[in-house]
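The structure under discussion appears below in the form of structure tokens.
The values are calculated or read from the model by the stated rules, or taken from the named source; none is laboratory data. What you are looking at is a predicted structure, and each value in this text was computed from that prediction instead of being measured. Quick reminder, even Gly has a Cβ in these numbers, built from the backbone with ideal geometry, and neighbours come from all protein chains shown.
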Amino acid sequence: MTTTTTRQREITRRVMRKRRKRRRRMLKTILLFFLLILVASCAVLIIYNKKGGSFEDTIDTYKIAREFSFDIASLDKPRADSFASDLVIVTKNVPLDTVSLEPGEKGLLLDLTRRKVMYSQSAFEKVYPASITKLMTAILAFKYGNMDQMVTISEADVELEENSQVVGFRPGDRATMEQLVNCLLVYSGNDAACAIAETVGGSMDNFVSMMNSYAASLGCTGTHFMNPHGLHDDNHYTTPYDIYLMLKEALKYPRFTEITQLSSYKIVYKRADGTDVETILEATDHYLTGEATPPRNVKILGGKTGTTSLAGNCLALLSQNAYGEPYVSIVMGAKEKDVLYSQMNSLLQNINAA
């Protein structure tokens, strides 16, 4: 009798243990189910908030960051895959009724939103870039330079041809890389370009090699540099389309557009004896200084000027129309400043009718 009772109790305990195990498994299943519901709900809430409280697609105005990636690390990724996927491809001359560039002038008007060529004249013909060269100098400064680095101006930095556009640095002067880049892009200072080149490249020759290598990596097949500033050299040349490629690359850096929208720049730097020098530099872009006015509802977002006796007057711009859409416009080889801005306006007046 005792043995039978003991067995019954053991069977009962086993049954109870099995029941407890089943309850624990069921509880875990229920908890896991509710956890999955919670995770899914959080994901839906995040998406809803990112959509601005709506699951419908929204239309927003143009932001540079949407067109051009500002991720500097991405510049080192391989470019071979889908190289032209985000480029406007030019294959031929494209006329516009409102535009009639003069003999020797070349130009482009590109709709970046629709990847459309609105105007093209001699996009792949050789041109002398003058100070538009400084687009590449700025790109390499942003990519490889330290904006906080203090740079000492050397004798070689100021040994430039007579009447060259210069900030007025003297050997032994000290300025930061950030200040030099501002002088480069706002005032187009050739002494600033040399100081940047010597500092970033270690030597002028090495920096010029960097310029040519980087241009090639961007697909600039018609470009060859001989210096960082654009003073004339027969072997220093580019094409309007290559300028578009360089401008597009420069726009990946937020500081580029911040600087190139300045109407003037005040620099305070140190002489060799420790005294401060303060200079106010006016922008070379007449749209920024008010000497030229863009067409109605056109906003200038950034770019670069260039002028030499052989290159003529040149201008490459990123602009925005009334709808926030971006356009690149380039005019090369205008004989006079007023002609340059007149021709540029003849291009820009079309961007609100695209």
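Each residue in segment 299-326 was checked for being under 25 Å from His232 (Cβ atoms), assigned to a strand (DSSP E or B) and of a type in the set (A, V, I, L, M), and 3 of them qualify. Just to be sure, is Thr257 polar (S, T, N, Q), in the same structural domain as Leu301 (by TED's automatic domain parsing) and not in a helix (DSSP H, G or I)? When the stated conditions are applied, Thr257 does not pass them.
Mind telling me which of the residues Ser100, Ser131 ends up being modelled with pLDDT of 95 or more and either assigned by TED's automatic domain parsing to the domain that holds Met226 or out of contact with any strand residue (DSSP E or B) (no Cβ under 6 Å at 6 or more places or on another chain) (or both)?
None of the other options fit; the residue is Ser131.
Yes/no per residue for (1) within 15 Å of Ile132 (Cβ to Cβ); (2) surrounded by fewer than 17 Cβ atoms within 10 Å (Cβ to Cβ):
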position	(1), (2)
Met246	yes, no
Thr284	yes, no
Glu291	no, yes
Asn313	yes, no
Tyr323	no, yes
Tyr327	no, no
Ile330	yes, no
Val339	no, no
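Determine if segment 138-146 includes at least one residue that is in contact (Cβ under 8 Å) with a residue 40 or more places away in the chain, assigned to a loop (DSSP other than H, G, I, E, B) and farther than 24 Å from Met210 by Cβ. No, segment 138-146 has no match at all. Return the only residue of Leu262, Leu281, Leu231 being in a loop (DSSP other than H, G, I, E, B), within 20 Å of Met147 (Cα to Cα), touching a residue at least 40 places away in the same chain (Cβ under 8 Å) and hydrophobic (A, V, I, L, M, F, W, C). Criteria check complete, one pass: Leu262. Filtered by the rule that a residue be touching a helix residue (DSSP H, G or I) at 6+ places or on another chain (Cβ under 9 Å) and of a type in the set (Ser, Thr, Tyr), segment 151-188 gives Thr152, Ser154, Ser164, Ser188. Quick check on segment 110-164: of everything there that is loosely packed, with under 15 Cβ neighbours inside 10 Å and among the acidic types (Asp, Glu), which residue is farthest from Asp233 (Cα to Cα)? Per the stated criteria, the residue is Asp148. Would segment 119-129 turn up any residue that is of a type in the set (Ser, Thr, Tyr) and in contact with a Ser or Thr (Cβ under 8 Å, 6 or more places away or on another chain)? Yes - at least one qualifying residue is present in segment 119-129. Taken as a whole, the structure places Gly302 among residues that are surrounded by 19 or more Cβ atoms within 10 Å (Cβ to Cβ), modelled with pLDDT under 95 and assigned by TED's automatic domain parsing to the domain that holds Tyr128. Scanning segment 215-253 for residues being aliphatic (A, V, I, L, M) and over 21 Å from Asn190 (Cα atoms) gives a total of 4.
If Val117 satisfies all but one of (1) touching a residue at least 60 places away in the same chain (Cβ under 8 Å); (2) assigned to a strand (DSSP E or B), what's the number of the condition it fails? Val117 satisfies all of (1) touching a residue at least 60 places away in the same chain (Cβ under 8 Å); (2) assigned to a strand (DSSP E or B) except (1).
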